[in-house]
Amino acid sequence: PFDGLLGFSQGAALAAMVCALRARGDPRFPVAFAVLVAGFASRAPAHGHFYREPIALPTLHVVGDTDAVIAAPLSRELAQCFVEPVMLTHPGGHFVPAAAAQKKAYLEFLERFCPGQGQ
């Protein structure tokens, strides 16, 4: 019943693992995309299998350049686990940015998944 996922911080880490399951064909997660804000790859050894293969699901990765909770390199590392990730950086910290520039980027990404837009 959901078109996509939005995850923030630990929620983005979980959403990334759900994306990996979806990309492998798991029918429990019929999502078409994800927006991952301040995400990171889990360091738990039991979760390593989620990142072994490139994750082929469209994603928007939102990275705060001054995030003191989830450092920008960790979010960029997660993005590299995906096939053709879309990156959105902002000068702020650990929050979901909502200035005009970021809103435009969200809309441009989400428009790809609107009915009548080819998908």
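Can you list residues whose amide H is under 5 Å from Ala41's amide H, if they're 5+ apart or on another chain and H is modeled 1.01 Å from N?
Leu78
List, in order, the whole-Hz ³J(HN,Hα) value for each residue of segment 31-43 obtained from phi through the Karplus relation with A = 6.51, B = -1.76, C = 1.60 and θ = phi - 60°; use x for Gly and Pro.
9, 9, 6, 8, 10, 10, 9, 6, x, 7, 7, 4, 8
Please compute the per residue accessible area over segment 4-113 with all protein chains in place, 1.4 Å probe, rounded to a whole number of Å².
Value returned for segment 4-113: 52 Å² of accessible area per residue.
Expressed as a whole percentage, what fraction of the accessible surface of the chain belongs to carbon and sulfur atoms when a 1.4 Å probe is rolled over the protein heavy atoms?
Heavy-atom surface of the chain belonging to carbon and sulfur, 1.4 Å probe: 61 percent.
Using modelled amide H (1.01 Å from N, peptide plane; none on Pro or chain starts), what sits under 5 Å from the amide H of His94, excluding residues fewer than 5 places away?
HN-HN under 5 Å from His94: Ala68, Val69.
Between Phe33 and residues 5 or more places away or on another chain, which pairs have amide H atoms under 5 Å apart, with H built 1.01 Å from N, and which residues are they?
The list, which skips near neighbours in sequence, is Leu5.
For mean projected area of the Cα convex hull in nm², one of (i) 11.8; (ii) 8.5; (iii) 7.4 was computed from the structure I shared and the rest are decoys. Which label?
(iii)
Each residue of segment 52-58 in order: what ³J(HN,Hα) in whole Hz does its phi give by Karplus 6.51 cos²θ - 1.76 cosθ + 1.60, θ = phi - 60°, with x for Gly and Pro?
5, 10, x, 8, 8, 9, x
Per residue of segment 65-78, what does 6.51 cos²θ - 1.76 cosθ + 1.60 with θ = phi - 60° give for ³J(HN,Hα)? Whole Hz please, x for Gly and Pro, Karplus curve as stated.
Each residue of segment 65-78 in turn: 4, 10, 5, 8, 9, 10, 4, 3, x, 5, 5, 5, 4, 4 Hz.
The values are calculated or read from the model by the stated rules, or taken from the named source; none is laboratory data. What you see is a predicted model, and the numbers here were worked out from it, not measured in a lab. These area figures cover heavy atoms from the full protein model, side chains too; ligands, DNA and RNA do not enter into them. Shrake-Rupley method; radii C 1.70, N 1.55, O 1.52, S 1.80 Å.
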